[in-house]
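Heads up, the thing below is written out as structure tokens.
Values quoted throughout were computed directly from the atomic coordinates according to the rules given, and no laboratory measurement underlies them. Everything numeric in this text was worked out from a predicted model, so none of it was measured. Here Cβ is always computed from backbone atoms with ideal geometry, including for glycine, and neighbour counts include all displayed protein chains.
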Amino acid sequence: MSALAPQAQYPTFKFATPGTRIHGVVSQPPKDSQVKDFGTQEPKFWPDGNPVMQTRVVLRVSDGTEWAIYAQGRMAKAITAAIVAAGAGDLEVGSELEVTFTQYGEGKNPAMPPKEYGAVYSPRGPAAVDHADEEPPF
């Protein structure tokens, strides 16, 4: 696909309150991009000059709706830990992912505490390789 092709848009899943979770099948290859400042829309950088990155993961949930989650920081660490715990190398299309906003953590600004996340990853089995385009297994 060229850069000229229209890009599909997916609604962003909001983790509004502790206990909010999303569970679905990874329906698109994960896509990395640089984080933009919320106010200015300028690309964000770490103090050492490296770009702040995020990974868009599109999940198809049980009702067929596709949602995007943008993993960075604590959410990215939770997903990475889930991938490692599952013995996998990375997220794959056709695999299952569940992400839960578990609680608020301790942060520098008490008015805006960081969100803590938990994640569970289930890689697709060998039988699912030929059926990745079918409906989710739930």
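Take the chain, mark every one of the trypsin sites (Lys or Arg not before Pro) that falls in a DSSP loop and has at most 15 other Cβ within 10 Å, then report the longest stretch left between them, sites excluded. Numbers along the way, then the final one.
Values: sites that count: Lys14, Lys44, Lys108.
Between the exposed loop sites, the longest stretch runs 45-107.
Give me the net charge for the shell around Phe101: Cβ to Cβ below 15 angstrom, other residues only, Lys and Arg +1, Asp and Glu -1. Walk me through the intermediate numbers first.
Working: positive: Lys14, Arg21, Arg74, Lys77, Lys115; negative: Glu98, Glu116.
With Lys, Arg at +1 and Asp, Glu at -1, the net is +3.
Report the chymotrypsin sites (Phe, Trp or Tyr not before Pro) located in segment 1-66 that are in a DSSP loop and have at most 12 other Cβ atoms inside 10 Å of their Cβ, or state none.
Qualifying residues, ordered by number: Phe38.
Quick one: net charge around Gly87, please, counting Lys, Arg +1 and Asp, Glu -1 for every other residue with C-beta under 15 Å from its C-beta.
Numbers: positive: Arg124; negative: Asp90, Glu92, Glu96.
Value of the local net charge: -2.
Could you compute how fast segment 48-89 diffuses translationally, taking Rh as the Kirkwood radius over C-alpha pairs and applying Stokes-Einstein at 10 °C with viscosity 1.306 mPa s? Give it in µm² per second. Mind showing how you got there, number by number?
Values: Rh = 12.0 Å.
The Stokes-Einstein estimate is 133 µm²/s.
Can you show me the helix-derived [θ] at 222 nm for the chain, built from DSSP H runs with n ≥ 4 at -39,500 (n - 2.57) apiece and divided by the number of residues, rounded to the nearest 500.
On the way: 1 runs with 13 residues, N = 138.
Theoretical 222 nm ellipticity from helices: -3000 deg cm²/dmol.
Provide the descending list of Cα extents for segment 56-112 along its principal axes, expressed in whole angstroms.
39, 28, 17
PRE reach from Lys44 (point 7 Å along Cα→Cβ): which of segment 64-82 fall under 13 Å by backbone N?
Under 13 Å, as judged by backbone N against the label point of Lys44, lie 70-76 of segment 64-82.
Can you sort Met112, Met75 by how many other beta carbons sit within 10 Å, fewest first? Spell out each step's value before the answer.
Numbers: Met112 9, Met75 22.
Listed from fewest to most nearby Cβ atoms, that is Met112, Met75.
In percent, what relative contact order does segment 21-131 have, based on Cα pairs under 8 Å that are 6 or more apart in sequence? Show your work: numbers first, answer last.
Numbers: 203 pairs, mean separation 30.2, N = 111.
Relative CO of segment 21-131 lands at 27 percent.
Where in the chain lies the longest segment free of GluC sites (Glu not before Pro) that are both loop residues by DSSP (not H, G, I, E, B) and have at most 13 other Cβ atoms within 10 Å?
Working: sites that count: Glu106, Glu134.
The longest uninterrupted stretch comes out as 1-105.
State to the nearest 20 debye the size of the charge dipole of the chain about its Cα centre, where the only charges are +1 on K and R beta carbons and -1 on D and E beta carbons. Present the calculation step by step, with values, prior to reporting the outcome.
Values: 12 positive and 16 negative charges, 109 e Å.
Dipole about the Cα centre, nearest 20: 520 debye.
Based on the Cα gyration tensor of the chain, what are the three equivalent ellipsoid semi-axes, each the root of five times an eigenvalue, rounded to whole Å and given largest first? Don't skip to the end; give the middle numbers.
On the way: eigenvalues 138, 77, 43 Å².
Semi-axes from the Cα gyration tensor: 26, 20, 15 Å.
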